[in-house]
Every structure is written in structure tokens, then in C-alpha cells.
Amino acid sequence: MAHPTGSPPEPGVVRIALDAMGADFEPEAAVHAACRAVVDDPRLELRVFGDPDALDAAVCALPDEARARIELAPTSSFVPMDVSPAQALRHGRASSMAAALGSVAEGRDAAVVSAGSTGALMALGRIALGMLPGVERPALMTAFPVREGRAWVLDLGANIGVDADRLLEFALLGRAAVGVLLGRRPRVGLLNIGKEPSKGPDVIREASRRLAAQAEIDFVGFVEGHDVFAGRADVVVCDGFAGNILLKSAEGAIGMLLAELADEARRPVRGLGLRRALGGLRERYDPALHNGASLLGINGIVIKSHAHASVDGLANAIGLAALEVRRGLIPALERQLWAEA
């Protein structure tokens, strides 16, 4: 089916490629998220990559305003969630994920959003888009709600075991990216089990010494888990194993607390005040509103959504992709990385 987005976007319009396949939700949910995103952002267009048999009816059922800015890009296959990166490289070149990445590589779209396999997205992204200068491995970064603001944490699972060189690389990437998003020099902390110089594994202590020697980094030292949520650092650096546990533990704890508050809000005696408070807390802390992790280091904007994201969560990941395009994230990263080379 043809849509106006088949031609180049109008000046000021951002066009995003959305991989609708391979996640834990039904592909139609990606269409609903695309609809929500374009309704919220009148200068946004989306190209949805996936199986036309699974998506065509959902696209056709959209309101006219949304359908005019959403194009279905049919693909014949997708990358399963349990596929290895090597298998994705061998068998996933015709997939919805690869097609979405290729559309950005060819300049038709400005960014990719996918809720598919993280390893496959990293492997296919590296092949399709290449790496930024001087970066060896990509890292996943997302924002956490913290006391009086946000903190960005990387890596969140793309790299499980890393050395001190990689942690320094993550810090440089995170400092540059968050500096673009905040418009100021961010404070950088290194996740550890204590603040004392003697604490933690050798690789963490060595990374701390290297970070402290970088004049361009505002290094605040080691941060513990509770320091992250106190807002002690704007950028928190760790390996993907620790970062993924931190992320999912935080999401689980927030979900539990919001559910407990919702139960209390239903009680007739105390409910009214709690219901008002709960609305504000959900707006600030609901994990869906913070869905979307930037795959930093790849030479293009690639956003990884949770595989089980809600429609709101996936729409938020699309919004993050549009924000990074509008802020000129990739040119800014290139300038800073070249300056540091």
C-alpha cells in the first residue's frame, strides 16, 4: 500500500523506521504505538517494517490523520528473539530488522526503533551502519528517573564482560551523548559496590584510575546503587551484566511500589489523597515512560525498546529516536569523538 511517506519527508519532518516484528507483543501493537507517536508529534512520519499479513489490517484501520503519516514496508521474514548474533548475520539479512536498518543506511529514514533481539540488533546495526570513529563496541544507554531529574546508565546488556578500556569508552560515549541531551557537561560516575578506592574488582578500579586521568570528563568517582537514584551522577558507567540487573531491579521495585499504592488508593478511607499522589508518581516513574535505550557507538540512531513494551512504552521509544535526530546526536558524537582522538 502506498502512502505520502513514500516520497522524501518535508523539511523539519523526522521519519523513523520501526521494526514491528520479533518482540514479545503482537505486531499490531507496533502499529498502535506508531499511531500514538504521530498523533503526539505532528512533525513525525513512520515506516513500519514487517509481515503485511500481520500488519495491513491494523494500518488500514488507523484514523486518516495517522494513516497519512504511516507507511507499511512489507518484509518476508523477521529475527526471532532467541536467535544468536551470528545466526542473525547469516540468516537475518532479509528480515524486518535488517530492512529497517538498511533504510537508515540508505538515507530514507533518520533512525531505527526495534523491540527485537538486542544481540541481533547490535550485530546487524554494525554491518548496516558501521561504527563511529574510534569506537570498538556499541553500548546500550537509557535514562533512569532519579531524585530531581534523570540519570543515564550504560551499558545495559549489549556487553556482558568488559575491560577497563571498554568502560572508559562507554564513559566517553555517555558523556558526549548526555551532554547533547542536557546541554551541559554531565557528571560521570562508575558503578561499584562501595566508594572507597580499594572496593570492587580490579577492572573497576583500573577504569576508575583511567577516568580520573581524563580532563574532559567530570568524574565523580564510584557510585553505589542507591547513589544512582539519589542523582549523584548524570551518567553511570558499568558493564552490561551489572547494568541490566540494575535496570530490571529498578523496574521491578517501581512496579511493586506503584501496585501497592494502587491497592491502598482503592481503600475508601485513605483513597482520595493516594489516588491523586499515585497519578503524579505514575507520570514520573512508570517504566513505560522511560522505555527506549540508545545503542551508542553505531554510526546512526538506533533505539532498542523492551521486548515486552506496552503501546505507550513503544511510542515513547519512537519519541526518543525523534528527539535524538532533532538534537543532532550523531554529528555531535562524531565531533566530540574526533576531538578526543
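Any read-out appearing in this document is the output of simple, stated calculations on the displayed coordinates, not a laboratory observation. Owing to the predicted nature of the structure, the values given are computational and were not obtained by experimental measurement. All Cβ positions, even for glycine, are placed from backbone atoms using ideal geometry, and neighbour counts span all protein chains on display.
Across the range 312-325, in residue order, what do the Karplus-derived ³J(HN,Hα) couplings come to in whole Hz, using 6.51 cos²θ - 1.76 cosθ + 1.60 with θ = phi - 60° and x for Gly and Pro?
Per-residue couplings from phi come out as 4, x, 5, 4, 5, 5, 5, x, 5, 4, 5, 4, 5, 5 Hz.
Which of Ala250, Ser103, Ala33 sits farthest toward the positive end of the charge dipole of the chain, with +1 on the Cβ of Lys and Arg and -1 on the Cβ of Asp and Glu?
Farthest towards the positive end: Ala250.
Near the amide H of Asp51, under 5 Å away, which other amide H atoms are found, from residues 5 or more places off or on another chain, if H is placed in the peptide plane?
The list, which skips near neighbours in sequence, is Thr75.
Would you kindly give the portion of the calculated P(r) for the chain that falls above 31 Å, as a percent of all Cα pairs?
That tail contains 34 percent of the Cα-Cα pairs.
For Arg150 and Arg108, compute 0.36 nm times the residue count separating them, minus their Cα-Cα distance, and round to one decimal in nm.
Full-extension gain reported as 11.9 nm.
Starting from the amide H of Arg187, placed 1.01 Å from N in the peptide plane, find each other amide H under 5 Å away whose residue is 5 or more places distant or on another chain.
Placed amide hydrogens put Asp234, Val235 under 5 Å from Arg187.
What ranking, highest mean first, results for peptides 88-94, 320-326, 58-64 when packing means the other Cβ atoms within 10 Å averaged over each residue?
320-326, 88-94, 58-64
Cα to Cα, under 18 Å, and not fewer than 8 places away if on the same chain: which aspartates and glutamates meet these conditions relative to Lys199?
Once the sequence-local aspartates and glutamates are set aside, what remains near Lys199 is Asp163, Glu224, Asp227, Asp239.
Calculate one ³J(HN,Hα) per residue across the range 17-30 by plugging θ = phi - 60° into the Karplus curve 6.51 cos²θ - 1.76 cosθ + 1.60, and present them in order as whole Hz with x for glycine and proline.
8, 10, 7, 8, 10, x, 9, 7, 8, 5, x, 4, 4, 5
Of Met21, Met131, Met97, which is the most mobile in a GNM of the chain whose springs link Cα atoms less than 10 angstrom apart?
Met131
For Arg327 and Arg93, what is the calculated FRET efficiency with R₀ set at 35 Å and r taken between the beta-carbons, to the nearest 0.05?
My answer for the efficiency is 0.65.
Given H placed 1.01 Å from N in the peptide plane, which residues other than close sequence neighbours of Lys199 have an amide H under 5 Å from its amide H?
The answer is none.
Of all DSSP beta bridges in the chain, what percent run antiparallel (nearest 5)?
Among the beta bridges of the chain, antiparallel pairing accounts for roughly 25 percent.
Quick one: dipole size for the range 1-116, taken about the Cα centre, charges +1 on Lys/Arg Cβ and -1 on Asp/Glu Cβ, in debye to the nearest 20.
Computed charge dipole of the range 1-116: roughly 360 debye.
From the Cα trace of the range 54-183, what convex hull volume per residue do you get, rounded to a whole Å³?
In the range 54-183, the Cα hull volume divided by residue count equals 172 Å³.
Once the Cβ-Cβ distance between Ser76 and Ser249 is put in as r, and R0 is 41 Å, what FRET efficiency do you end up with, to the nearest 0.05?
0.60
Read phi for every residue in the range 112-126 and hand back ³J(HN,Hα) as whole Hz from Karplus 6.51 cos²θ - 1.76 cosθ + 1.60, θ = phi - 60°, with x for Gly and Pro.
10, 10, 9, 9, x, 4, 5, x, 5, 4, 5, 5, 5, x, 4
Once label points are set 7 Å from the Cα along Cα→Cβ at both Leu182 and Met256, what is their separation, rounded to one decimal in nm?
So the label points at Leu182 and Met256 sit 3.0 nm apart.
As an exercise, use a Förster radius of 41 Å and the Cβ-Cβ distance of Asp263 and Val39 to find the FRET efficiency, rounded to the nearest 0.05.
Efficiency, from the Cβ-Cβ distance: 0.80.
What is the spin-label model distance, in nm, from Ser198 to Ser84 if the labels are put 7 Å beyond Cα along the C-beta direction?
4.3 nm
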